[in-house]
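K.L.:
Let me begin by handing over the structure; questions about it come next.
The values are calculated or read from the model by the stated rules, or taken from the named source; none is laboratory data. Computed from a predicted model, the values in this text were never measured in an experiment. Using ideal geometry, Cβ is built from the backbone for each residue, glycine included, and neighbour counts are taken over all protein chains shown. Ligands, DNA and RNA are stripped out before the accessible areas are found, and what is left, the full protein with its side chains, is counted by its heavy atoms. Shrake-Rupley method; radii C 1.70, N 1.55, O 1.52, S 1.80 Å.
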Amino acid sequence: MQTVSSLKKQVLHALEQVKDPEIDTVSIIDLGMVEKVSANDGEVDINILPTFLGCPALGIIKNNIEKTIQAIPEVKHVSVQFIHHPPWTSERITEKGRSGLKAFGIAPPPRFLEADGSWHVDCPYCTSTYVTMENIFGPTACRSILYCKSCKNPFEAMKPISTLL
């Protein structure tokens, strides 16, 4: 019989393969969405922090997690719950996640906000700081549209989400 820690390791490894449905270069692990995993006698419980409460991809994410974890032979049942405490913040994104966002053409959120609450990102294509905000509202609730005046490319940036805002 498999030990709990071994099954939990398999589950965590499998979760690294579950990508954000809209950004296939970043896993839910690297986005910092996985808050808690417990595995006991084939029963797996996973708590996920949504990046935005109204994210339309939550159903897809849940389905992808369930399918991925149920493919592990030792898993009898998997339960995925979206939780809202602690709140997800953009500080949870790993270095690998930040690199994956850039590879997709999305500027990762800044690590720190200015004292006045403003934020700045560099162009994910040329790393120029000479960028302007085109629209705070991007294609999804978690992204904005910016424009790089150096390389002349429009790009998206993840909005910073912090418990300090």
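K.L.:
Quick check, is Thr132 open to solvent by less than 50 Å² (accessible area, probe 1.4 Å), among the β-branched types (Val, Ile, Thr) and either touching a residue at least 60 places away in the same chain (Cβ under 8 Å) or assigned to a loop (DSSP other than H, G, I, E, B) (or both)? Break it down into steps so the answer makes sense when it comes.
P.N.:
Values: open to solvent by less than 50 Å² (accessible area, probe 1.4 Å): yes; among the β-branched types (Val, Ile, Thr): yes; either touching a residue at least 60 places away in the same chain (Cβ under 8 Å) or assigned to a loop (DSSP other than H, G, I, E, B) (or both): no.
Taking the combined requirement at face value, the residue does not satisfy it.
K.L.:
Quick check on my filter: what residues within the range 38-63 are over 14 Å from the mean Cα position of the chain (by Cα) and buried (at least 19 other Cβ atoms within 10 Å of the Cβ)?
P.N.:
Ala39, Val44, Ile46
K.L.:
Also, quick follow-up: Please count how many residues of the range 92-129 are open to solvent by 40 Å² or more (accessible area, probe 1.4 Å) and either out of contact with any strand residue (DSSP E or B) (no Cβ under 7 Å at 6 or more places or on another chain) or touching a residue at least 40 places away in the same chain (Cβ under 8 Å) (or both). Write out each step before concluding.
P.N.:
First pass over the range 92-129, keeping only residues open to solvent by 40 Å² or more (accessible area, probe 1.4 Å): 92, 94-96, 99, 102-104, 111-116, 118-120, 122, 125-127, 129.
Among the residues that remain, those that are also either out of contact with any strand residue (DSSP E or B) (no Cβ under 7 Å at 6 or more places or on another chain) or touching a residue at least 40 places away in the same chain (Cβ under 8 Å) (or both) are: 92, 94-96, 99, 102-104, 111-116, 118-120, 127, 129.
Count: 19.
K.L.:
Report yes if some residue within the range 11-23 is under 11 Å from the mean Cα position of the chain (by Cα), surrounded by 18 or more Cβ atoms within 10 Å (Cβ to Cβ) and assigned to a loop (DSSP other than H, G, I, E, B); otherwise report no.
P.N.:
The answer is yes, given that some residue of the range 11-23 is under 11 Å from the mean Cα position of the chain (by Cα), surrounded by 18 or more Cβ atoms within 10 Å (Cβ to Cβ) and assigned to a loop (DSSP other than H, G, I, E, B).
K.L.:
Out of all the residues in the range 9-27, which are under 12 Å from Ile69 (Cβ atoms) and in contact (Cβ under 8 Å) with a residue 24 or more places away in the chain?
P.N.:
Gln10, Val11, Leu12, Ala14, Leu15, Gln17, Val18
K.L.:
What residue, among those in the range 48-71 that are part of a loop (DSSP other than H, G, I, E, B) and out of contact with any strand residue (DSSP E or B) (no Cβ under 8 Å at 6 or more places or on another chain), is farthest from Asp20 (Cα to Cα)?
P.N.:
So in the range 48-71, the residues part of a loop (DSSP other than H, G, I, E, B) come out as 49-57, 71.
From what is left, the residues that are out of contact with any strand residue (DSSP E or B) (no Cβ under 8 Å at 6 or more places or on another chain) are 51-56, 71.
Numbers: Thr51: 11, Phe52: 13, Leu53: 15, Gly54: 15, Cys55: 11, Pro56: 12, Ala71: 19 Å.
Looking at residues that are part of a loop (DSSP other than H, G, I, E, B) and out of contact with any strand residue (DSSP E or B) (no Cβ under 8 Å at 6 or more places or on another chain), I get Ala71.
K.L.:
Give the number of residues within the range 140-164 that are free of Cβ contacts under 8 Å to residues at least 60 places away in the same chain, out of contact with any Pro (no Cβ under 8 Å at 6 or more places or on another chain) and either crowded, with 19+ Cβ neighbours inside 10 Å or part of a loop (DSSP other than H, G, I, E, B) (or both).
P.N.:
Number satisfying all stated conditions: 8.
K.L.:
Do the conditions hold for Val80, that is, is it touching a Lys or Arg at 6+ places or on another chain (Cβ under 7 Å) and either open to solvent by 50 Å² or more (accessible area, probe 1.4 Å) or among the hydrophobic types (A, V, I, L, M, F, W, C) (or both)? Outline the logic, then answer.
P.N.:
On the way: touching a Lys or Arg at 6+ places or on another chain (Cβ under 7 Å): yes; either open to solvent by 50 Å² or more (accessible area, probe 1.4 Å) or among the hydrophobic types (A, V, I, L, M, F, W, C) (or both): yes.
In short, yes.
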